[in-house]
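> Quick one: structure below, then a few questions.
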Amino acid sequence: MVPAAMSQLPEKRLGIVLLCLVLFFGAFLRIYPSAGLKYPGVDESYYRHGVMFLVHNGFTSYPSLVRNYAKVQPALPVAIIPPTRVTLIAAAFLWHQIFNTVPLISLRAVACSATVLTLLISALFLYRAAGLAAAIAVSALLSCAPMQIQLAQRAYVDGVFAFTAILTLWLLWENMRGPSSLKWLVPYGASIALMVITKENAAFVFVGILSILACNRWLKIGEVGLNLVITTFAGALAGAATLVIASGGLATLIQAFHANISKTYVTPYVIQTGDGPWFRYILDLIAMSPLVTLLALAALGRLSFQEAISRYFALFLAITYLLMSNLHYGISLRYTAMWDLPLRCLAFTQIVLMAASVPPRYRTIFIPVAVAVVCAVDLSHYSLFFVQNGTYDPTATEILHQLNIVK
Amino acid sequence: MRGASQDWNLLTALSTVTSSLVLADPMSAPRLFKSRLIILAIILAIGVFLRLPPELFQPNTAPLHALESLHPRPDDQKGGYDERLYEAYAKAIGTNGLTSYPDIVRAYIEKQKTLPGSILPPLRFLYIFLAYLYHALFSTPERTALHYLSSIFSMLTLLLSAVFASRLGRSSYTLGVTALMAVAPTQLHMSQHGLVDGFFTFWAMLALWSLWENLRSPRDWRWLTVYVFALCACVITKENAFFAWVAFIGIIAANRYFFFGVVTREMIIATVLGPILGVAILLILAGGIGSLTETYTLSVSKNYTLDYAIQTGDGPWYRYLVDLLLVSPVVLLLAIGAVFTIRREQKAEWFFVLFIAISYLIMCNIKYGMNLRYANMWDLPLRVLAFGQLLSLSRLFPRAQNWLIIWATSILCLIEFHQYIVLAVHFPLYELATQYLMYALKILKLSPQLHP
């Protein structure tokens, strides 16, 4: 993945220090409250309501929360956030219990922690899959990813979901690359379960995982054993069982999902912001992170990947994109937070490929400079969208307006 | 120009989609060649039909009314402000004669001074004059003449694309690139409206092609003449000639590194002479250097205060990428892929990449001056790159390469045509501003002030 100049970083220790600095910088960007908009958004209000309900009635009252939702949602004209997103609400409740912070702060703290963890596990993932140099570069790119920083600043579930999705992807990778071992299988199953109880979008990731398992024969990513397949389904079932328990029964859970989905299609905000053609996500991603997206598209366009990790990410992106771009009124840039790592990894691959055509004496400096430029562009976009304009939900309308493309 | 062997090369370049089949069975070569010519003729016929002006299909009176259901009629039938101005200028020539052109320019200056925003200047002479000529020859109303002119020149651009692609010396490019150009949404759109940009694209592409030929066949006076003529025509068609010209200069300068061909002194002189001739014609038409300078100064300065330009022509450096993605998503994605994978020896691809890159660099830095119409001249270069990328990708599957490229090109053409239908037939699209494209694609539904 990295040329000799990069892979032969003279001292591993120096590299690790550099990686730690990058991660520290990324964590700082996530923790420092830079977002322009401070008041709670619509989604945040619903999550806060969920946490407050648990604070008042105790954690065991979770089924009542879901039952109430299942009862109220059909009567409402629009879809509201379902309490089946257990991870965020439960973790925020726990945070409140430990640190005695108000529900909204607890929710934001959980979201922020999740995005910091995303950065950490991404670095670890890349370090194990592609080496230290790639880990440093991709971590730098991810540190400055506008959506990741934004999701750390608000009580959104998407940052938490991105964490669970990337954790699952990493653990799947480890299980495929190494011999079958409980050391990796159990965390993998648990991460799938965690993903399922975090957000409904787990279905897309799950299909992506199944596609990776199915296509491994041709893509030659690693080994797919029966244990891995069983764990994949067992994890998903465990997640579903947890949801059933949290809802107080299968019927309530189905009722809650059914009410949510049916109302989504009549919610004006969703109709107005979640529509568009199949390339809507590409448009949104170009507007948000132009260089990363262009580089990743260039890497994807080759259809020929030397490294297994690139094939792995490319297939995951392709399958999940296919599903997510065909969701009627269901397109939102927030859902793409789980693509931030794959996109940046592919973008870095492209930078490395481009470095090969640079005269040898400039090659060593080319990659860090290119990564720094991409990071700077991403940070400037974060500043524009979320600091200066205080965007809450980065819809296409909103971000193109802020770019002065649409006035 | 070139000898018989070169002509044969051209013909073979026109033909080879399934080159492996030709090698497998030499006896079938003439038959395959013939069938490919037929396919090319069909592609051109479809492209020409789609470009026919909607007036020809109107009920009762129009000659092609019987085919109305087959022709994708654009939803916008009102036209725009620009069309009315071109019409007014063409009428002014008819009323006062061509010798009165300096008066038209002076009248424009006087009017422009009083207006808060910019209106298009009469120095887009060639389009206006040819519309007048068409009107004079066929007694067609000026507005209709403008439409017919746009339509004819869009067809000519298609033919030029076919010839240019065949001259690149790559098998299968002629059919592939021509097919993609035949259904290019922005090309079709320009053919249906009285806008100068499609007309300008023809001259810019003619200049680009003749530049390529001059590089490949140095000191051929016939190519030099075409080159000078095309450059001159660009200058007297639209101010955007400057962007194309700078791109040509850039290509000539880059020839040292890319070795497209031979840069001769004659070619450099021609590169300067063409625009000088154009400027000289404009000087005569404007009635002096003072009027010419004042016209352009007013036009440019007033553009910065034109509300419409401020509303629709702003954005970051990648605004054109956004617009191109909205109109031709797959072509753009393939072209982006091609840009990053070109090898040094792929001279034709570098030639087109440089043309786009240099003109892009200037065009994306014009404040309040970004519009997808101006990117019309990139349609052919983008499609050459996109088709090249399709070919590269098809090589990953050597067994099915020929069929894959045929299917992929066909599907790409369908996607492109579908985009045109969505944008211009199901939606009253006139101006190619981002917000209108987004409305047509249902991405934008409310005002930008929308909050959840």
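We did not get these values from a lab; they are worked out from the coordinates using the rules stated. Since the structure is predicted, the reported quantities are computational estimates derived from the model, not experimental observations. Ideal geometry is used to build each Cβ from the backbone, glycine not excepted, and the neighbour counts take in all protein chains shown.
> Over region B:16-440, what is the relative contact order in percent, taking alpha-carbon pairs closer than 8 angstrom and at least six residues apart?
21
> Still on this structure: Where nothing but the Cβ of Lys and Arg (+1) and of Asp and Glu (-1) is charged, how large is the charge dipole of region B:107-214 around its Cα centre, in debye to the nearest 20?
Once rounded to the nearest 20, the dipole reads 80 debye.
> Next question, about the same structure. Based only on other Cβ atoms within 10 Å, what is the fewest-to-most ordering of B:GLU239, B:GLU349, B:GLU416, A:GLU11?
A:GLU11, B:GLU239, B:GLU349, B:GLU416
> To continue, here is another question. Can you give me the C-alpha center-to-center distance between region B:222-282 and region A:299-363, rounded to a whole angstrom?
Result: 40 Å between the Cα centres.
> Give me the dipole magnitude in Debye, nearest 20, for the protein assembly as shown about the Cα centre, with unit charges on the beta carbon: positive for Lys and Arg, negative for Asp and Glu.
The dipole magnitude comes to about 1460 debye.
> Could you list B:SER166, A:SER34 so that the one with the fewest beta carbons within 10 Å of its beta carbon is first and the one with the most is last?
Listing B:SER166, A:SER34 from fewest to most nearby Cβ atoms yields A:SER34, B:SER166.
> Below 8 Å between Cα atoms, with a sequence gap of 6+, how large is the relative contact order for chain A in percent?
23
> State which entries of A:LYS12/B:LYS347; B:LYS347/B:LYS367; A:LYS38/B:LYS445; B:LYS34/B:LYS238; A:LYS12/A:LYS38 exceed 31 angstrom in Cα-Cα distance in the structure shown.
Pairs exceeding 31 Å: A:LYS12/B:LYS347; B:LYS347/B:LYS367; B:LYS34/B:LYS238; A:LYS12/A:LYS38.
> Next question, about the same structure. Treating cross-link reach as a plain straight distance, find the lysines whose alpha-carbon is under 16 Å from the alpha-carbon of A:LYS71, omitting any fewer than eight places away in the same chain.
A:LYS71 reaches A:LYS263.
> Any idea what the dipole of region A:116-275 comes to, in debye rounded to 20, about its Cα centre with Lys/Arg Cβ at +1 and Asp/Glu Cβ at -1?
Around 200 debye, computed over region A:116-275.
> Which one of B:PHE248, B:PRO30, B:LEU211 has its Cα pushed farthest toward the positive end of the charge dipole of chain B, where Lys and Arg give +1 and Asp and Glu give -1 at the Cβ?
B:PRO30
> Identify, among B:LEU70, B:THR178, B:ILE362, the residue whose Cα sits farthest towards the positive end of the charge dipole of chain B, taking +1 on the Cβ of Lys and Arg and -1 on the Cβ of Asp and Glu, with the dipole about the Cα centre.
B:THR178
> Same structure again: Once phi is turned into ³J(HN,Hα) by the Karplus curve 6.51 cos²θ - 1.76 cosθ + 1.60 with θ = phi - 60°, what whole-Hz value does each residue of region A:118-134 show in order, with x for glycine and proline?
Listing the rounded values in order: 4, 4, 5, 5, 5, 4, 5, 4, 5, 4, 6, 8, 9, x, 5, 4, 5 Hz.
> So, R0 is 56 Å and r is the distance between the beta-carbons of A:ILE31 and B:GLN77; what FRET efficiency does that work out to, to 0.05?
E(calc), rounded to 0.05, equals 0.45.
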